[in-house]
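Presented below is the structure to which this report refers.
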2 protein chains.
Amino acid sequence: MNLKAKGILLTGLLLSALAAGGCPNGGPESGTRKEADAPVSYFEISDALRSEGLRKENAYALLSDLVRVSGPRLPGSPVAASAVEHMRRVMDELGFETWLEPTSVQHWVRGEESAEILDQTGRKIDSLTISALGGSVPTPGSRGITARVIEVASMAELDGLGPSVRDDVVFFNRPMDRTFVDTFRAYGEAARFRFEGPSKAARHGAAAALIRSVTPRIDDFPHTGMVGYDPAVVKIPAAAISTEDAEALSARLKKNPSLRLNLRLSCANLEPTLSANVIGQIRGSVEPGEIVLLSGHLDSWDLAVGAHDDGAGCVQAVEALRLIQACGLKPRRTIRAVMFMNEEFGASGGRDYAADPGRKNEKHIVAMESDRGGFLPLYFGVGGSPEAREKFAAHEEVFRSLGLSGIRAGGGGSDIEPIVRQGAVPMGFIPNGQTYFDLHHSGLDTLDKVHPRELELGAIVLALAAFIASEEGI
Amino acid sequence: MNLKAKGILLTGLLLSALAAGGCPNGGPESGTRKEADAPVSYFEISDALRSEGLRKENAYALLSDLVRVSGPRLPGSPVAASAVEHMRRVMDELGFETWLEPTSVQHWVRGEESAEILDQTGRKIDSLTISALGGSVPTPGSRGITARVIEVASMAELDGLGPSVRDDVVFFNRPMDRTFVDTFRAYGEAARFRFEGPSKAARHGAAAALIRSVTPRIDDFPHTGMVGYDPAVVKIPAAAISTEDAEALSARLKKNPSLRLNLRLSCANLEPTLSANVIGQIRGSVEPGEIVLLSGHLDSWDLAVGAHDDGAGCVQAVEALRLIQACGLKPRRTIRAVMFMNEEFGASGGRDYAADPGRKNEKHIVAMESDRGGFLPLYFGVGGSPEAREKFAAHEEVFRSLGLSGIRAGGGGSDIEPIVRQGAVPMGFIPNGQTYFDLHHSGLDTLDKVHPRELELGAIVLALAAFIASEEGI
């Protein structure tokens, strides 16, 4: 393939770098080029993106600014609103076309929370490290709920107890199975208790639910997450407790099954609030109405700044655009970064984006979502039809030159699901997931857990994939 | 393949687990089994090793004990000697056959060290964070060397300066190229200045050499490493300075090229000392004279406990043996863990092991060395002939079930090189190398940088590979 013949316009940095027989700021590393079937030009483009990215590690600077300027970005919060303004300003300053699209978000506020273990006289003997689940109703009155604690390890065990748990606090103590290599599978199995457990307990008359934090580590950080109330059942208060406290509470219950707990949550569900998806793009030079979408979600939980979940995905999308621009690439199709709002409370941002009237004149050919943390990219996943994967597989060696093992089936995410249903091919890199759930939805999800280089590699891979999709179509 | 037909003896834990249609402590995860060409039994064995390993994360406990009991393990030091005793005792308690094999080690001690920048009147205006290179000679007398600092970024630049650097301190300020995805390649290019630089400078009459630390990060930790003196040239003192100080010193030199430095190093090369390789094994049930070797090196630099380099490799070898034993596997051939001594000062342990009279009645069929840190294993490398790789490639799906991308060319290491020259096939997992050189040979190589789960995955992969090699031969 010849660059000019394909209509790829090379300007500025990249053009001079290619003319000089190399890429900017670093020698080409793709020593496997001779074995590759992929057109040589994508190797040169990949080298340019890689050199620019790894030299500057700008994704980390973007993330650092985001968490410093905003902080924890719970949907509907003033902090989330300031993050919207901040990310739009950042993209304005980079010279992208930017705008906001409105989305209505659930507005939940945490309030005060405590859980105290009481002896038979009602005196406090210990307290638990807890965090109300997102969306939880509060405990009643000012004195909360005081009740027995009934521990269960499965839904079947709960169903076996039936109405005997009436007015009790049901304690779901199902550890995340750390023997799985696939931590996302282990997470899915355990998170079910957080999402469905409270309503299952309410169905039997329970007064409240405590959930063992969904993390493979034993520590004193509660990991929150959304509770999924069954509309047919009364809503009961629900909170996560740290895994250390789950182990300790379980041990206490074995000695004294009748111990009581006082639970107080003053969280509240306020009126839904208007927030926004933040959008920036580089308009396509030939087919501007065809869109290659890059995305993360801008909202986070409130226990930390959401550096990995999903500050990382947001800044990778912006950095991918910046890399494309910095390397002087002029994509044929439009490459667009969307920072969705409200993923954590039901992904309304993704739904509203797909339903927005602005989509009428657009065709999304590809959608990528980075929402598995800013860790080392392991491979590139392409979903949709086998033909789409075959088309990308032709460029596998280029992805390998960036350290990925290759191209496999994969891609998707909750925010891009609606646009994928409209025909966009889901794709994206799959990062190392071994440590993500150590920090997920907890106070541990802070900037110091992100490695600038691994974060940047994700942005580079996204830039490459987006540019190839823009040039080749799908 | 049938387990009994192949003579694999299954006992205890694994046998009951297989009889129950699963593996101990966790369900089988290898959902790709139906697509695999590999014999089903290795999937079951892999599941058993994985469940036992990821549930207990015992490699981390071994590492924690090692660094707590010993500490930094410079060859020849009392701490290294106590580490030898400790690791042998650990393997004794696990019930392995253990012994020590002597090896003579270079015994270098650090002493005091300082580097001060002086103004024109000889008054100190700043000090540099330095660390003498391993094996460096001391500065003369009690007042050290006071001289101009001449910065160079390449060997060619030094040669261009020639005898004009006589009696100066040559400052090699060649950054590690962080635009390479392959950090080991970037390390190799930059570490050349640490290894060869001092003698190249001495050839032009320089009084001493300062080396920019070989790390891609900018921080205030010096990263040491061995200096490789050219026997034909006078030995001059050599030290690494932190990358922060390298940047600052370079900026100062641009303003004031005539600034002077006082360098004092009281390090010393003592008489060589006798130390030992630590060996433990599970004797083969059918071919005990054929050896599958697993290894790491027990010595470390003295600036930290060497948690990744190479405490990780040592405990992974021991843990691999423990996993094989805990799963009730009885290998046909002998599986041996060797903790080599003195890798950091020239790999005498590996040479002496290969030359030991005990090797006469043994045939090493496979040699694995884990010395790239206890990070996530990415793929499994098999060296030697294409036939050896083909033989292992038949089991690729089993390795994939442990999260590896597959089997590729690779394997090797400085300690196993001599035994590989005698015919052993080098192999081993290649871990994520993106962050290794952040901490390599510096005060940052501490236990808290190791993730228990990623460390354990390496041990599981080694156990699987060793067991397959033991059963199948090569």
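The values are calculated or read from the model by the stated rules, or taken from the named source; none is laboratory data. Because the structure is a prediction, the values reported are computed rather than measured. So basically every Cβ, Gly included, is an ideal-geometry build from the backbone, and we count neighbours across all protein chains shown.
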* Asked: Is it the case that A:LEU298 is in the same structural domain as A:PHE467 (by TED's automatic domain parsing), within 19 Å of A:LEU74 (Cα to Cα) and either among the aliphatic types (A, V, I, L, M) or surrounded by fewer than 24 Cβ atoms within 10 Å (Cβ to Cβ) (or both)?
  -> yes
* Asked: Applying the selection to segment A:348-384, what residues are within 20 Å of A:GLY311 (Cα to Cα) and acidic (Asp, Glu)?
  -> A:GLU369, A:ASP371
* Structure fact -> Wholly inside segment B:390-474, helices (runs of 4 or more DSSP H) that include 3 or more residues that are of a type in the set (A, V, I, L, M, F, W, C) and touching a Phe, Trp or Tyr at 6+ places or on another chain (Cβ under 9 Å) are B:452-472
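Table: residues versus (1) buried (at least 20 other Cβ atoms within 10 Å of the Cβ); (2) more than 14 Å from chain A (Cβ to nearest Cβ).
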| residue | (1), (2) |
| --- | --- |
| B:LEU128 | yes, yes |
| B:ILE145 | yes, yes |
| B:VAL152 | yes, yes |
| B:GLY160 | no, yes |
| B:ASP168 | yes, yes |
| B:PHE172 | yes, yes |
| B:VAL181 | yes, no |
| B:ALA186 | yes, no |
| B:ALA190 | yes, no |
* Asked: Counting only residues that are within 14 Å of chain A (Cβ to nearest Cβ) and hydrophobic (A, V, I, L, M, F, W, C), which one in segment B:366-377 is nearest to the chain's Cα centre (by Cα)?
  -> B:PHE375
* Condition broken by B:VAL181, with the remaining ones in (1) under 16 Å from B:SER442 (Cα atoms); (2) part of a loop (DSSP other than H, G, I, E, B); (3) in contact with a Leu (Cβ under 9 Å, 6 or more places away or on another chain); (4) of a type in the set (Val, Ile, Thr) satisfied -> (1)
* Can you tell me which residue in segment A:319-352 is surrounded by the most Cβ atoms within 10 Å (Cβ to Cβ), limited to those that are out of contact with any helix residue (DSSP H, G or I) (no Cβ under 7 Å at 6 or more places or on another chain) and not charged (D, E, K, R)? -> A:LEU321
* To do: Considering only segment A:216-302, give the strands (runs of 3 or more DSSP E) lying wholly within it that have at least 1 residues that are within 21 Å of the chain's Cα centre (by Cα) and in contact (Cβ under 8 Å) with a residue 24 or more places away in the chain.
  => A:238-241, A:268-282, A:287-297
* Do we have B:VAL227 as surrounded by fewer than 21 Cβ atoms within 10 Å (Cβ to Cβ), touching a helix residue (DSSP H, G or I) at 6+ places or on another chain (Cβ under 6 Å) and either on the phi < 0 side of the Ramachandran plot or in the same structural domain as B:GLY443 (by TED's automatic domain parsing) (or both) here? -> no
* Asked: Which of (1) more than 19 Å from B:GLY306 (Cβ to Cβ); (2) in contact with an Asp or Glu (Cβ under 7 Å, 6 or more places away or on another chain) is the odd one out, the single condition B:ARG123 does not satisfy?
  -> (2)
* To do: Any residue in segment A:448-463 that's at the interface with chain B (Cβ under 10 Å from one of its Cβ atoms): show its pairings with residues that are of a type in the set (Phe, Trp, Tyr) at Cβ separation under 7 Å, as long as the two are six or more apart or on different chains.
  => A:PRO452/A:TYR60; A:GLU454/A:PHE375; A:GLU456/A:TYR60
* To do: Name the one entry in A:VAL305, A:VAL338 that is within 25 Å of A:LYS56 (Cβ to Cβ) and part of a loop (DSSP other than H, G, I, E, B).
  => A:VAL305
* What number of residues in segment B:252-287 are under 19 Å from B:ARG359 (Cα atoms) and of a type outside the set (Gly, Ala, Ser)? -> 8
* To do: Being of a type outside the set (Phe, Trp, Tyr) and within 13 Å of chain A (Cβ to nearest Cβ) is the filter here, so list the residues in segment B:395-409 that pass it.
  => B:GLU396, B:VAL398, B:ARG400, B:SER401, B:LEU402, B:GLY403, B:LEU404, B:SER405, B:GLY406, B:ILE407, B:ARG408, B:ALA409
* Structure fact -> Going through (1) in a helix (DSSP H, G or I); (2) in contact with a helix residue (DSSP H, G or I) (Cβ under 9 Å, 6 or more places away or on another chain); (3) at pLDDT below 95; (4) away from chain A (no Cβ under 14 Å) one by one, B:HIS86 fails only at (3)
* Asked: Can we say A:ARG359 is within 25 Å of A:ILE407 (Cβ to Cβ), of a type in the set (D, E, K, R) and not in a strand (DSSP E or B)?
  -> no
* Asked: Is there any pair linking a residue in segment B:430-444 that is within 13 Å of chain A (Cβ to nearest Cβ) and surrounded by fewer than 21 Cβ atoms within 10 Å (Cβ to Cβ) to one that is part of a loop (DSSP other than H, G, I, E, B) and modelled with pLDDT under 95, with Cβ under 7 Å and at least six apart or on different chains, and which?
  -> B:ILE430/B:GLY410
* Structure fact -> Within segment B:383-394, the count of residues that are touching a residue at least 60 places away in the same chain (Cβ under 8 Å) and either within 14 Å of chain A (Cβ to nearest Cβ) or over 28 Å from B:GLY358 (Cα atoms) (or both) comes to 3
* State all residues of segment A:118-167 that are aliphatic (A, V, I, L, M) and more than 21 Å from A:ALA191 (Cα to Cα); if no residue qualifies, say none. => A:LEU118, A:ILE125, A:ILE145, A:ALA147, A:LEU161, A:VAL165
* Of the conditions (1) at pLDDT below 50; (2) within 13 Å of another protein chain (Cβ to nearest Cβ), A:ALA36 clears all except one; give me its number. => (2)
* To do: Taking A:PHE380 as the residue in question, decide whether it is part of a strand (DSSP E or B), more than 12 Å from chain B (Cβ to nearest Cβ) and crowded, with 24+ Cβ neighbours inside 10 Å.
  => no
* Report yes if A:THR243 is within 14 Å of chain B (Cβ to nearest Cβ) and crowded, with 22+ Cβ neighbours inside 10 Å, otherwise no. => no
* Structure fact -> Only one of A:ARG212, A:ARG217 is basic (Lys, Arg), away from every other protein chain (no Cβ under 14 Å), crowded, with 16+ Cβ neighbours inside 10 Å and under 25 Å from B:GLU52 (Cα atoms), namely A:ARG212
* Asked: Does at least one position in segment B:313-326 carry a residue that is part of a loop (DSSP other than H, G, I, E, B), assigned by TED's automatic domain parsing to the domain that holds B:HIS395 and modelled with pLDDT of 95 or more?
  -> no
* State whether one or more residues within segment A:48-63 are modelled with pLDDT of 95 or more, assigned to a loop (DSSP other than H, G, I, E, B) and in the same structural domain as A:ALA320 (by TED's automatic domain parsing). => yes
* Asked: Are any residues in segment A:115-165 of a type in the set (Val, Ile, Thr), free of Cβ contacts under 8 Å to residues at least 24 places away in the same chain and assigned to a loop (DSSP other than H, G, I, E, B), and if so, which ones?
  -> A:THR121
* To do: Answer yes if at least one residue in segment B:410-417 is at pLDDT below 95, surrounded by fewer than 24 Cβ atoms within 10 Å (Cβ to Cβ), in contact with a Gly (Cβ under 7 Å, 6 or more places away or on another chain) and within 14 Å of chain A (Cβ to nearest Cβ), and no otherwise.
  => yes
